Every structure is written in structure tokens, then in C-alpha cells.
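Structure, as C-alpha cells:
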Amino acid sequence: QVQLVESGGGLVQPGGSLSLSCATSGFMFGIYPMAWYRQAPGAQRELVASITTGGRTNYADSVKGRFTISRDNVKHSLHLQMNSLKAEDTAVYYCRVNTTGGSWGQGTQVTVSS
């Protein structure tokens, strides 16, 4: 079955960096677009960044220039490098197969606080 397992979340001070990873299995990773979403307390889940099978990327305006999404089609993994983190980046971050009805991971908590 399809599995997506996020890791790398944690507590970081404002201005710091974190690197998230999503290990996947159970599907042909290389032929699907992928994405990172996040959900802050009391807010709707929102798209953070997406990447096509060819490596084309798209970012939410709020993270442009600070976050970088990448994929490793050999290791079937998705990554999100987050720099210059702000308090408003605090959320649960989810990895997703970016298609209609695409599978979700269980999420990893990112907390940005001093």
C-alpha cells in the first residue's frame, strides 16, 4: 500500500533552518507530482510547495526565497529545505502525492519559537 512518512520536524528559533524528508513506498514515485502542505492550529491546510515529475517547482508566496522543495527519484523521497524560519511557519507539515485524491503522510510538527 501507499506509504508516506515525514521526518525532520522539531523546535527551531526564528531565523533558523530545518530540513524535512518524506520517505515513500508502494507506488511509482517517479511518475507522480509531489507536494508539501502545512496546517497551522485553527487554520486550513495550505499548499507550501510542489514539484512536477520533471522537477519544475512552485511555491506559496509566503515561503518563496526561503524554502526549497526537491525530490530524489532513485530513493523515492521528497525533501523540503526551510531557511529563515518565522513564527508563522509553525504548523504540521504533510507530504502528499499531488493528484486528486492523492495520499497523505501523517505529518511532522514544525515549531518556530524563541
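The values are calculated or read from the model by the stated rules, or taken from the named source; none is laboratory data. Model, not experiment: these values are computed from the prediction. Neighbour counts run over all protein chains shown; Cβ positions are idealised from the backbone, glycine included. Accessible surface areas use protein heavy atoms only, side chains included; no ligands, DNA or RNA. Shrake-Rupley method; radii C 1.70, N 1.55, O 1.52, S 1.80 Å.
To the nearest 20 Debye, how big is the dipole of the chain about its Cα centre, given +1 on the beta carbon of each Lys and Arg and -1 on that of each Asp and Glu?
160
Using a Gaussian network model of the chain whose springs link C-alpha atoms within less than 10 Å, name the residue from N83, N73, N98 with the highest mean-square fluctuation.
Result: N73 has the largest fluctuation of those listed.
Find which of I31, S77, Q44 sits farthest along the positive direction of the dipole of the chain, computed with +1 on the beta-carbon of Lys and Arg, -1 on that of Asp and Glu, about the Cα centre.
Result: I31, furthest along the dipole toward the positive end.
For the chain, calculate the relative contact order in percent as a whole number, restricting contacts to Cα pairs under 8 Å that are 6 or more residues apart. List each step's numbers first, then the result.
Details: 276 pairs, mean separation 41.6, N = 114.
So the answer I get is 36 percent.
Using a 1.4 Å probe on the protein heavy atoms, what percent of the accessible area of the chain belongs to carbon and sulfur?
That share works out to 49 percent.
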